[in-house]
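Below: one structure, written as C-alpha cells.
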Amino acid sequence: MKFTIHYETRWGENLVLRVGEKAYPMNYISDGLWEVELPARALKEGDEYYYEIVQGGLHTRHEWHTHLFKKPSGKAPVEDVWSDKTGWRGAGTAIPVFSLRTSRDFGVGEFEDLIPLVDWAAATGQSFIQLLPVNDTTMSHSWQDSYPYNANSSFALHPMYLHLPGIGISEDDAYVRKQKELNASPFVDYENVNAAKWEYIRQAFKTTFRALSGRKEYKDFVVSNAQWLLPYAAFCVLRDENGTADYSRWKCCSKYKAKAVGEYIGAHREEVDLHCFVQYHLHRQLKTVRDYAHGKGVYLKGDLPIGVSRTSADAWVNPKLFNLDSQAGAPPDYFSRDGQNWSFPTYNWDEMAKDGYAWWKSRLGKMAEYFDAYRIDHILGFFRIWEIPVPFQSGLEGHFSPALPYSTQELKDMGLGFKNAFKLFVEDPRQKGMWHPRIGAKAQQEYRDLYGDALHTFDWLYDDFFYRRHNEFWRGKATQRLSTLLGSSSMLACGEDLGMIPSCVPEVMHQLNILSLEMPRMPKNPGEQYANPASFPYFSVCTTSSHDMSPLRMWWEEYYDQTAAYYYHQLHRGGDVPPSLPVDCAEQILSQVLSAPSMLCILPLQDWLSVSPALRAPDPKSERINDPANSRHFWRYRLHVSLEKLAADPDFSKKVAELIKAGGRTPEEARK
C-alpha cells in the first residue's frame, strides 16, 4: 500500500508515517511530495495513523489529528493532507475520581462513577473529562497514602477505584449498611474505605479467582503486563509482610534481583495472584468507562505526574533510573515562600537515555490504554528540575538540575570571591567547586551588605542564571526527552507550564505541539495582575483554577485586594465588591474563559457548580482539593451532592449547556 502526502520540509527534516509504535520512513519525491510503501498487513480498515517530522533522529513535530485508514480502490495510493486544522474548540470538566459521589459507590469515587459524569458531560455539550492521577499510592495503609502524586507504581491502578459488585460482591444487607455508613461521610474516609474494600476484595478473590484464572482474557492481561505487574504484585506482598514500603528495610529482596524475586513470587503465589486479580478488574472497569465515553463523544484526559516515589516498585526494580540522593521540588513562588519539597528522587536522564527511554515509553503506552489526552505535570521537569539534596527539607536549599553552575574561579574573576559572597550560592552536590546562586539570596543579609560593583555584578549574574543562561542548554535537553515521550503514543499532550518559566519552554512546547495551560489568575506576561482570556493562544487549555489552587468561590473570599482588582478591571463592574462570589459574577467569569480562543476549556466541577444557587457547596472552603504549602495535606475532597442529583437539576444543566454554546464549544458550534 502506497501513502503520499505533500509537506514542505526544512533542511534536515524527514517525514515518517506512524502506526502505533511502528514508524515508516518516507521518501522525498519532488515539489514537497513524500511517499512510503507499507506492508499489506500494516493497517486494517479503521486503524489510526499519522505523520510526523524527524530531525537528527528526534521527533520534532506531528499532526494534530490522526487519519483513519480506508482501503483505496485498486492500486491507487492513499493521498493525505497534513492535518493542522485549527478552529475546533471543546469544553470539559476536571474532577479527581476519588471526589465523585453516586448512590452506587462505597465511600469514595470509583471508575464506574465516571459513567454518569460522562452522561452529564455529553448532555451539556462537553467533550472532555480530566482526572488526577489514578495510580496505586498504597504505602502505609493510612491517610498519608491519599496523595495521588506519590504512587507506588507508575503502571498499577489504585484498588480503591474498584466497583465491588463488578467483581462478584453481593449487595446484601451487610454490604448496604457499610456502604451507607461510608457514604455518610462528607469527605473521603481514606483508611476506613480502603480497609473495608480490601475485606470484600479478598472475599471475591477466594470465590472467583480459580474460574477467572483459567480464562484467556485474564491470562492475556497477565502476560502482556508481566514486565511491571509481577514486580508490582511482589512489591505489595513484601510491603505488607514487612510493614513498610521502604524496601531498604525489608528482610529479603531489599535489592531487586530478578531470580530472587521470581523465587519469592513462586513461594507466595496466592498473595501475588491477589494483586494481579485486582489490577485485572481495575483495567477492565476503566477500559469499559473509556469505551462508553467514546460512544458518547466524550474523551478522557489523564495526568502524568512528574515524580516517582523513592519507595515505589519503579525505584525498587530500576534504581539506576533515579537519583535517590536528591529530592524534586519547586522554588519559592506566590503560593509557597519556602518553595516545595515533593520528596521524589530526581531522574537520572543519562541512564534513561541508554535504552532509548524505555521506561517512559512503557509508562505512556500504559496510559494510552485508558486516556485520549494527558496533562504533563510540571512540564518544566523535562527541561530542568528543582533539586534539593536529601539532608535538606526547605526548597530554598535547592538548585536547578541540569544546570551550568559557576566555578570558584569565575566568581573570583567577577569580584564575588570573598567569603560572605559565597553564602549567596549553593555548591553543586555532584561537582565540587561549582556554584549555583541561591534562589532566596536577595532576602539574605549578605545580599543587603553588597554595594557598588559587587551588587551590580550579583544582580546581573542572578538574573542571567535564572532567566537567560540555560535557555539553549535546556532547550536541547527537553527536545530530546519530550520527543521520545510524544512519539510513544498518539495521546494529545498538554503541559502544566505555570510558574517560573524560561523562554525556551513555550518555544519547545509550540514546536512539539504541546498545549499550554492558561488561567486568568496566573498571567504569563510580566506586569499583568490578571491574564485576559481573550489573549490566550489557540493551542492551549484554559481554566479557572486547578487542584493546587483555591476554587473560584474560595479564592473570591481569600484576599479582598485581588478580588477587588478582578471585579473592577476584569469584570468591569462598579459599586462595592460582594464579600462572596455572586452567581452572576461566577457566570461572567466562566463565560469569559469559555469564550477564550483556547482549543480546550476544562473547568473544575466545583467552578461549574458556582453558577448554581441550589447546588453550590454551603462552605466554599470545603471545595479545595490540595494545599501545596502543606506537605501533610489530606487529599479527601468529595462532592457534597451526588452525580444523580447534579444531572437531575434541569436549571443547572441548562445553564452549563448555554454557557458552553455561547462560548462556541459544543460539537455543533465547533463544526461551523
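So here's what we get for this one:
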{"item": "Residue check, PHE418 touching a residue at least 40 places away in the same chain (Cβ under 8 Å) and either over 30 Å from TYR299 (Cα atoms) or crowded, with 20+ Cβ neighbours inside 10 Å (or both)", "result": "no"}
{"item": "Number of the exception - ALA565 against (1) surrounded by 14 or more Cβ atoms within 10 Å (Cβ to Cβ); (2) farther than 24 Å from PRO597 by Cβ", "result": "(2)"}
{"item": "Residue match in the range 526-545 (condition: in a helix (DSSP H, G or I), exposed (fewer than 14 other Cβ atoms within 10 Å of the Cβ) and of a type in the set (D, E, K, R))", "result": "no"}
{"item": "In the range 131-187, the residues that are acidic (Asp, Glu) and assigned to a helix (DSSP H, G or I)", "result": "ASP145, ASP173, GLU181"}
{"item": "Residue, farthest from CYS494 (Cα to Cα), within the range 373-388, restricted to residues that are within 13 Å of the chain's Cα centre (by Cα) and of a type outside the set (Phe, Trp, Tyr)", "result": "GLY381"}
{"item": "Subset of the range 285-322 that is more than 21 Å from the chain's Cα centre (by Cα) and of a type in the set (A, V, I, L, M, F, W, C) - its residue that is nearest to ASP240 (Cα to Cα)", "result": "TRP316"}
{"item": "Subset of the range 21-45 that is of a type in the set (Gly, Ala, Ser) and in contact (Cβ under 8 Å) with a residue 24 or more places away in the chain - its residue that is surrounded by the fewest Cβ atoms within 10 Å (Cβ to Cβ)", "result": "ALA40"}
{"item": "Search result, residues across the range 573-616 that are closer than 21 Å to VAL97 by Cβ and among the aliphatic types (A, V, I, L, M)", "result": "LEU600, ILE602, LEU603, LEU605, LEU609, LEU615"}
{"item": "Test: residue in the range 282-295 that is buried (at least 19 other Cβ atoms within 10 Å of the Cβ) and touching a Gly at 6+ places or on another chain (Cβ under 8 Å)", "result": "yes"}
{"item": "Matching residues, the range 575-591, being without any contact (Cβ under 8 Å) to a residue 40 or more places away in the chain and either farther than 19 Å from ASN532 by Cβ or polar (S, T, N, Q) (or both)", "result": "GLY575, ASP576, VAL577, PRO578, PRO579, LEU581, PRO582, VAL583, ASP584, GLN588"}
{"item": "Subset tally (residues that are over 37 Å from the mean Cα position of the chain (by Cα) and outside any loop (DSSP other than H, G, I, E, B)) for the range 26-36", "result": "4"}
{"item": "Subset of the range 568-584 (residues that are in a loop (DSSP other than H, G, I, E, B) and surrounded by fewer than 18 Cβ atoms within 10 Å (Cβ to Cβ))", "result": "LEU571, HIS572, ARG573, GLY574, GLY575, ASP576, VAL577, PRO578, PRO579, SER580, PRO582"}
{"item": "Residue match in the range 200-209 (condition: in a helix (DSSP H, G or I), within 17 Å of SER142 (Cα to Cα) and touching a Gly at 6+ places or on another chain (Cβ under 7 Å))", "result": "no"}
{"item": "Single residue of the range 425-434 satisfying the filter (out of contact with any His (no Cβ under 9 Å at 6 or more places or on another chain) and closer than 20 Å to PRO331 by Cα) that is surrounded by the fewest Cβ atoms within 10 Å (Cβ to Cβ)", "result": "ARG430"}
{"item": "Positions within the range 140-161 being farther than 19 Å from TYR637 by Cα, buried (at least 23 other Cβ atoms within 10 Å of the Cβ) and in contact with a Ser or Thr (Cβ under 8 Å, 6 or more places away or on another chain), in sequence order", "result": "ASN152, SER153, SER154"}
{"item": "Sole exception among (1) among the charged types (D, E, K, R); (2) out of contact with any strand residue (DSSP E or B) (no Cβ under 6 Å at 6 or more places or on another chain); (3) modelled with pLDDT of 95 or more for LYS301, by number", "result": "(2)"}
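Yes/no matrix, rows are residues, columns are (1) under 26 Å from the mean Cα position of the chain (by Cα); (2) within 30 Å of GLN144 (Cβ to Cβ); (3) assigned to a helix (DSSP H, G or I); (4) at pLDDT below 95:
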| site | (1), (2), (3), (4) |
| --- | --- |
| ALA586 | no, no, yes, no |
| PRO597 | yes, no, no, yes |
| CYS601 | yes, no, no, no |
| TRP608 | yes, no, yes, no |
| LEU615 | no, no, no, no |
| ASP627 | yes, yes, no, yes |
| HIS640 | yes, yes, no, no |
| ASP651 | no, no, yes, no |
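Here is a yes/no grid of residues against (1) of a type in the set (A, V, I, L, M, F, W, C); (2) closer than 23 Å to GLY302 by Cα:
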residue: GLY74; (1), (2): no, no
residue: VAL78; (1), (2): yes, no
residue: ARG104; (1), (2): no, no
residue: ALA121; (1), (2): yes, yes
residue: MET139; (1), (2): yes, yes
residue: LEU157; (1), (2): yes, yes
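Rundown of residues vs (1) free of Cβ contacts under 8 Å to residues at least 60 places away in the same chain; (2) surrounded by fewer than 13 Cβ atoms within 10 Å (Cβ to Cβ); (3) in contact with a strand residue (DSSP E or B) (Cβ under 6 Å, 6 or more places away or on another chain), yes/no style:
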residue	(1), (2), (3)
GLY440	no, no, no
ALA443	yes, yes, no
TYR447	yes, no, no
GLU472	yes, yes, no
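The values are calculated or read from the model by the stated rules, or taken from the named source; none is laboratory data. In this text, all values refer to a predicted model and were calculated from it rather than measured experimentally. With ideal geometry, Cβ positions are generated from the backbone for all residues, glycine too; neighbour counts draw on all protein chains shown.
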